[in-house]
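This report concerns only the one structure given below.
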Amino acid sequence: MAVDSCLSSPVCPPVNEKFAKALQFIEEMTRNADTVQERVLAEILARNADTEYLQRFHLGGATDRGTFKSKIPVVTYEDLQPEIQRIANGDRSPILCSHPISEFLTSSGTSAGERKLMPTIREEMDRRQLLYSLLMPVMSLYAPGLDKGKGLYFLFVKAETKTPGGLVARPVLTSYYKSDHFKTRPYDPYNVYTSPDEAILCSDSFQSMYTQMLCGLLMREEVLRVGAVFASGLLRAIRFLQLNWRQLAHDISNGSLNPKITDPSIQERMAKTLKPNPDLAEFITKECEGENWERIIPRIWPNTKYLDVIVTGAMAQYIPLLDFYSGGLPQACTMYASSECYFGLNLKPMTKPSEVSYTIMPNMGYFEFIPHDPANPVQLSREAPPQLVDLADVEVGKEYELVVTTYSGLCRYRVGDILRVTEFHNSAPQFKFIRRKNVLLSIDADKTDESELQKAVENASVLLHEFDTTVVEYTSYADTKTIPGHYVIYWELLVKDPAHAPTREVLAQCCFVMEESMNSVYRQCRVADNSVGPLEIRVVRTGTFEELMDYAISRGASINQYKAPRCVSFTPIVELLDARVLSAHFSPAAPKWTPERRV
Ligand code: AMP
């Protein structure tokens, strides 16, 4: 097989034998999607046959799809919570998986206000590593010469905890950066970062970011790509530069390190690299001191070929700002992954974000799809198992909810993502990420759903009782015009006695109570990562929500079925609301957050 037939119209041929092999692997997997899926399912069922979970459904050792589909229910996290809790509490028996659970990955999805805990096994790290190893071979087909320079990536570890049974619980990327896979990775000219591992592994987010930015500036001419995991992270780095360029330029000018950097391993590392460079300091000062930050990325890092950031899904809101700071550099969305399972990659990473499709790699897990009709969502019950569609059988143009069965022991687990099939690469479908189910607001890693918002509004409204005031209607908006972005909640109030209306202090306190009511990922973003700003309540004048309804009806909504939207993003609606704001209030303090779980 001609390797360069792997991917439609690449710009360059594979650069070396290793890359050619990786591309060939993608070809093999995607050509044989259905067979690979059958094998993956059989492997998972065979190795986990004696687990308590599979025994419960009497598969009798069967490893075929028919038996699996007829006997195993489709589940959500809540269904598995008793099993997961037992594992967390220290039960080491084979409950979900025959291999020992090595740690929990904490998903940014939440359940009862806390991060979901995803059990994982040691070998999953290899599977994730395999997917990572495919990214550069694909990228190099479109962006040649990436071995001639470095990547400026802002990468961070986050807090970790231990479950009562002693297993570590942490986000998947923290697990990866702390692993030997990452720390002792062999030299690879295609994966050289400007950030030293000491900075990536520093848990203090200021020291980590400062050092990563400093090194990025020191090596500015070598930088060929600039990235972060999500778009919000890259924008936070730009904001950080806006706030800290003076001190950074000072360090570069004198060859000395900011005294706020107290981490000994970073100090030691930087002592070796930091030398006085007044010319560079002057250049940085010249670029950063003015008001104009347009195209700041190519101005400071002139050899940048593309931005490596995920801007599909919730992060699409950041595309215009990234365009502004990068002067329209390509935004490459390379992979689609989750704590449950790494799914796949984008075979045409330079396509513009609105046209990105991900190819799910059939070797990563066993994938099924619930047909999704937004007007008619499927209610799944154990009594009536629905017809789930296999990976190779999905249809172009249709939407589906993703269901995964993993080597770590999740069986027919609903991930919560809605995907649309765009086309096929060989016999493997390619999916556009449409949205995550039930997510109303998201700024960074936070995801707030309708019931969480409702609860937060209810908790805050209690403070209004003594003023004989109620919240008649509310909606919300993820304001990302400033970095970090923040939640805006529009409130229409019924104040019985205007002479005794809630004071500004009380409304600010309402903001705080709302924040306290949010899930732990939101609070972590607010407190530890500073990636979400203080929540704002905008009180709108009486009748605003009726006007909102009139507007929706004028655009074709049915009067009978009209419900106030709990989140808005359409500019004319946001403008309508903003034009009726009577007062704005911000949360006066950060909510409580510790890595420990509240339950
Ligand atoms: P987590 O629960 O923190 O592991 O986050 C996984 C979720 O992030 C996925 O289920 C998706 O909803 C979202 N996600 C991951 N990769 C992408 C991507 N490339 N585009 C859009 N959303 C993504």
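The values are calculated or read from the model by the stated rules, or taken from the named source; none is laboratory data. Just so it is clear, the model here is predicted, and its values are computed rather than measured. Here Cβ is always computed from backbone atoms with ideal geometry, including for glycine, and neighbour counts include all displayed protein chains. The protein model used for the area step is the full one, side chains on, heavy atoms only, and it has no ligands, DNA or RNA in it. Shrake-Rupley method; radii C 1.70, N 1.55, O 1.52, S 1.80 Å.
A compact table of results
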{"quantity": "Between the stretch 498-555 and the stretch 58-94, the Cα center-to-center distance that results, in Å", "calculated": "40"}
{"quantity": "Packing-based order for 226-236, 295-305, using average beta carbon neighbours within 10 Å, highest first", "calculated": "226-236, 295-305"}
{"quantity": "Of all accessible heavy-atom area on the chain, the percent that carbon and sulfur account for (1.4 Å)", "calculated": "52"}
{"quantity": "Rounded if a/c under 1.5, otherwise prolate or oblate - the stretch 206-298, Cα gyration tensor axes", "calculated": "oblate"}
{"quantity": "Solvent-accessible heavy-atom area per residue, rounded to whole Å², over the stretch 468-599 at 1.4 Å", "calculated": "48"}
{"quantity": "Helix-only CD estimate at 222 nm, as mean residue ellipticity for the chain, using -39500 (n - 2.57) per DSSP H run (n ≥ 4)", "calculated": "-10500 deg cm²/dmol"}
{"quantity": "The chain: antiparallel DSSP beta bridges as a percent of all, rounded to 5", "calculated": "75"}
{"quantity": "Prolate/oblate/rounded label for the stretch 1-160 (Cα gyration tensor, a/c 1.5)", "calculated": "oblate"}
{"quantity": "Cβ-based charge dipole, the stretch 192-339, positive-most Cα from 216, 311, 276", "calculated": "311"}
{"quantity": "In order through the stretch 286-291: 3J(HN,Hα) via Karplus (6.51 cos²θ - 1.76 cosθ + 1.60), integer Hz, x for Gly, Pro", "calculated": "4, 6, 9, 6, x, 7"}
{"quantity": "Out-of-range pairs (alpha-carbon distance over 29 Å; input 348/398; 116/178; 352/398; 158/260; 150/437; 150/178)", "calculated": "150/437"}
{"quantity": "Positive-end extreme of charge dipole, the chain - chosen from 186, 442, 19 (charges on Cβ)", "calculated": "186"}
{"quantity": "Karplus (6.51, -1.76, 1.60) ³J(HN,Hα), θ = phi - 60°, over the stretch 135-150, in Hz, Gly and Pro reported as x", "calculated": "5, 5, x, 6, 4, 5, 5, 10, 10, x, x, 6, 7, 9, x, 10"}
{"quantity": "HN-Hα J in Hz across the stretch 324-334 - Karplus 6.51, -1.76, 1.60, θ = phi - 60°, x for Gly and Pro", "calculated": "4, 6, 10, x, x, 4, x, 10, 8, 9, 8"}
{"quantity": "Value of relative contact order over the stretch 280-354, rounded to a whole percent, pairs C-alpha under 8 Å and six or more apart", "calculated": "27"}
{"quantity": "Gyration tensor (alpha-carbon) shape descriptor, the stretch 477-568, a/c threshold 1.5", "calculated": "oblate"}
{"quantity": "Solvent exposure of the stretch 277-391 as accessible area per residue, Å², 1.4 Å probe", "calculated": "40"}
{"quantity": "Per-peptide average of other Cβ atoms within 10 Å, ordering 570-577, 418-425, 46-53 highest first", "calculated": "418-425, 46-53, 570-577"}
{"quantity": "Cβ charges +1 (Lys, Arg) and -1 (Asp, Glu), total dipole of the stretch 448-585, debye", "calculated": "220"}
{"quantity": "Solvent-accessible heavy-atom area per residue, rounded to whole Å², over the stretch 1-96 at 1.4 Å", "calculated": "49"}
{"quantity": "Modelled FRET efficiency - R0 25 Å, residue 373 with residue 549, Cβ distances, 0.05 increments", "calculated": "0.45"}
{"quantity": "Mean Cβ neighbour count within 10 Å, used as a protection proxy, ranking 186-196, 243-253 highest first", "calculated": "243-253, 186-196"}
